[in-house]
Amino acid sequence: MKQEKLKIAIDLLWVRVNQVGGIESYIRNLLDGMVSLDEDFEIWLLTSKDNAYSFEKYLYDNRFHMYICDVKSANVGKRIIWQNLYLGKTIKKLGLNKCFEPYYCKPFLGVNGIKFITTIHDLQAIHFPEYFSKFKVWWMKISWYQAIKTSNKIIAISNFVKDDIKTHYKVPDNKIEVIYNPVVIDKNEVYDEKFLKQKYNVEPYEYFFSVSSLLPHKNINTLLEIMYLIKERKENLPKKIIISGVGGKSKPELLRKIEEYNLKENVILTPFIENKERNTLYKYCSMFLFPSIFEGFGMPPIEAMMFERPVITTDTTSLKEVTQGKVTYVRNSFNKFSWLDSIKFFHTKNYGINFKMYDKKYISQKYINLFKCII
């Protein structure tokens, strides 16, 4: 018997263009992967008045349709209210009974008769409640709870996240599917190496590179301590590090520490940068250092591996899993001496990593297959 064509809505109301970091990259990579599939499906993109333009390119594929909802993503409070009052009605009006939530914002109300598939990226507020207001922690915990309990299927982006969900919410193993994030890199999208000298005053392979926000679990202070040690001991190692993605209210404190360590000539900070510049920094770095102690997935080390650069990271949470145990891991994540030893005695590795596990077409096919199974 011929299988009925997949018809599903994808809730994109949470996307604030260029403001939600890796989760936005995740959904756009996933949609790009779906375009590349030889599948007969009907996908409705539920967008907002202020993000619809950024998804218009998918409408050139006649399998994709768009419904612009009467709400703006920039107003988070009104968006949540709208989702609870009208999202279910909108899905039913379109003649659909399945909805994919790429984020944890599944509505509480008005969704009877609709089957939901929800992706959980991490449970950060449980592990680091100090990052958020008490209300935000409460809201995220209750949102996760109801999404996990009432969705027909949960997608976890790593086995670490799956185990974390099971620990905190007592979910049956068969309700959670692990599907890695798609990681998309165009290795030809790079600037000439002269760009490094012109913009950053660094030479190829004579700087370390890292990608990090300023959240404490990113462990960025350890990078400063490493550079201080290299400088004070006059080690025969790169004397500069470029750290991308840095911004926000904690930046003045970071700048104070850089001055305290006398590293103004050694540490180069950038905000979020466009892909071509980021790729250039990956391609020509001496090593990629990623000291984070908490990741639901962790794309940057994989991106650096795609450029065949040496990677040193921690063995915490998902990082050893998603890098397939193929890079160098520092067990004592906060110990600058352990980091320095790993850098000094690093030996070239043949990664032998299976990059197909992050291929957008491969990952998107897994999603489509899962959507079809929800009946």
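Overview of results
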read-out	value
Solvent-accessible surface (1.4 angstrom probe) belonging to GLU260, in square angstrom, nearest 10	120
TYR86 - accessible surface, heavy atoms, 1.4 Å probe, Å² rounded to 10	100
Sites matching trypsin sites (Lys or Arg not before Pro) across segment 237-280 that sit in DSSP coil, with at most 10 neighbouring C-beta atoms within 10 Å	LYS249, LYS264
Cα-based equivalent ellipsoid of segment 168-313: semi-axis lengths in Å, sorted from largest, via gyration tensor	28, 21, 14
Where segment 275-367 is the region considered: accessible area per residue in Å², 1.4 Å probe	39
Segment 68-163, accessible area per residue, ligands and nucleic acids excluded (1.4 Å, Å²)	46
Top of ILE293, ILE126, ILE242 by mean-square fluctuation, Gaussian network on the chain, Cα under 10 Å	ILE126
At q = 0.22 Å⁻¹, base-10 log of I(q)/I(0) for segment 243-375 (Debye sum, equal scatterers on each alpha carbon)	-1.50
Percent RCO, i.e. relative contact order, over segment 286-332, from Cα pairs under 8 Å lying at least 6 residues apart	39
5 angstrom amide H check on LYS115, placed H, neighbours 5+ away	LYS98, CYS99
Computed [θ] at 222 nm, deg cm²/dmol, the chain (DSSP H ≥ 4; -39,500 (n - 2.57); rounded to nearest 500)	-10500 deg cm²/dmol
Counting all C-alpha pairs of segment 124-250, share separated by more than 17 Å (%)	74
Descending semi-axes in whole angstrom, ellipsoid equivalent of segment 217-276, from the Cα gyration tensor	20, 14, 10
Quotient of Cα Rg and 2.2 N^0.38 Å for segment 1-134, N being how many residues it contains	1.08
Most mobile listed residue (ASN51, ASN97, ASN236) in the chain, GNM with C-alpha springs under 10 Å	ASN236
Carbon plus sulfur fraction of accessible area for segment 1-42, probe 1.4 Å, in percent	41
In segment 301-345, the chymotrypsin sites (Phe, Trp or Tyr not before Pro) that fall in loop regions by DSSP, at most 14 other Cβ within 10 Å	PHE334, PHE345
Options VAL246, PHE371, ILE343, ranked by Cα towards positive dipole end of segment 234-375, top entry (Cβ charges)	PHE371
Viscosity 1.306 mPa s, temperature 10 °C, Stokes-Einstein D of segment 252-319 from Kirkwood C-alpha radius, µm²/s	116
The chain: translational diffusion in µm²/s, Stokes-Einstein, Kirkwood Rh over Cα pairs, 10 °C, 1.306 mPa s	72
Relative contact order (percent, whole number), the chain, Cα cutoff 8 Å, 6+ residue spacing	16
Listed residues LEU281, LEU196, LEU46, most fluctuating in the chain (Gaussian network, C-alpha, under 10 Å)	LEU196
Segment 50-122: equivalent-ellipsoid semi-axes (sqrt of 5 x gyration tensor eigenvalues, Cα, Å)	19, 16, 14
Heavy-atom accessible surface of segment 249-375: percent carbon and sulfur, 1.4 Å	50
Extension gain from SER25 to LYS136, taking 0.36 nm per residue of separation minus the Cα-Cα distance	37.6 nm
Per residue, the convex hull volume that the Cα atoms of segment 80-171 enclose (Å³)	90
Percent RCO, i.e. relative contact order, over segment 17-105, from Cα pairs under 8 Å lying at least 6 residues apart	23
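The values are calculated or read from the model by the stated rules, or taken from the named source; none is laboratory data. What you see is a predicted model; the values in this text were computed from it and never measured. Heads up, the Cβs are rebuilt from the backbone with ideal geometry, glycines too, and the neighbour counts pull from every protein chain shown. In case anyone asks, the SASA skips ligands and DNA or RNA and just uses the protein heavy atoms, side chains included. Shrake-Rupley method; radii C 1.70, N 1.55, O 1.52, S 1.80 Å.
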